[in-house]
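These notes are about the structure you will find just below.
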Amino acid sequence: MVCIYCGNETKVVNSRHQKRINQVWRRRKCLACQAVFTTLEAVNTEQALQVRHGKSLQAFSRDTLLLSVYDSLRHRKTAVSDATALTETVLSALYPHIQDASIEKVVIAEITAAILERFDKIAATHYRAFHPTD
């Protein structure tokens, strides 16, 4: 990575994985001007992940997942903030199931339904009605 101040090379001084939000926090120091700055790095799932449904592949969309979770939580007053937080939880749970940069659509539905079940049984029932896993 290059320095945001002078454009020269930097080195990583400190690094920490943030499990909850699937990011890496890094403190960087410029080798030329000695400036220190922080970066947050995350995987762009939109470009890096494919969803398998039978033999077809399609690009993974975090927004589609968010909307389906939000739709299941509409009965709650805090549906938007709950859906946002639960989507991040689902993404964290999906990472171990990714193989060859792809994941089965059924696996996404099963994990999402299980997480919704622990949070709100009504939302899980609604989600399962529109996203069957069989």
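Odds and ends about this structure:
- Failed criterion for VAL36 (all others in (1) within 27 Å of CYS3 (Cα to Cα); (2) in contact with a helix residue (DSSP H, G or I) (Cβ under 6 Å, 6 or more places away or on another chain); (3) β-branched (Val, Ile, Thr) hold): (2)
- Flag for SER81 being assigned by TED's automatic domain parsing to the domain that holds ASP120, closer than 26 Å to LYS121 by Cα and of a type in the set (Ser, Thr, Tyr): yes
- Which listed residue, of ARG76, ARG118, is surrounded by 14 or more Cβ atoms within 10 Å (Cβ to Cβ), basic (Lys, Arg) and either on the phi < 0 side of the Ramachandran plot or assigned to a strand (DSSP E or B) (or both): ARG76
- Restricting the stretch 25-51 to residues that are at pLDDT below 85 and outside any loop (DSSP other than H, G, I, E, B) leaves a set whose member that is surrounded by the most Cβ atoms within 10 Å (Cβ to Cβ) is THR45.
- Tabulated pairs, the stretch 33-59, first touching a residue at least 40 places away in the same chain (Cβ under 8 Å), second of a type in the set (Asp, Glu) and surrounded by 10 or more Cβ atoms within 10 Å (Cβ to Cβ), C-beta under 6 angstrom, 6+ apart or interchain: ARG52/GLU104
The values are calculated or read from the model by the stated rules, or taken from the named source; none is laboratory data. Quick caveat: nothing in here was measured; it's all calculated off a predicted structure. Virtual Cβ from ideal backbone geometry, glycine too; neighbours counted across all protein chains shown.
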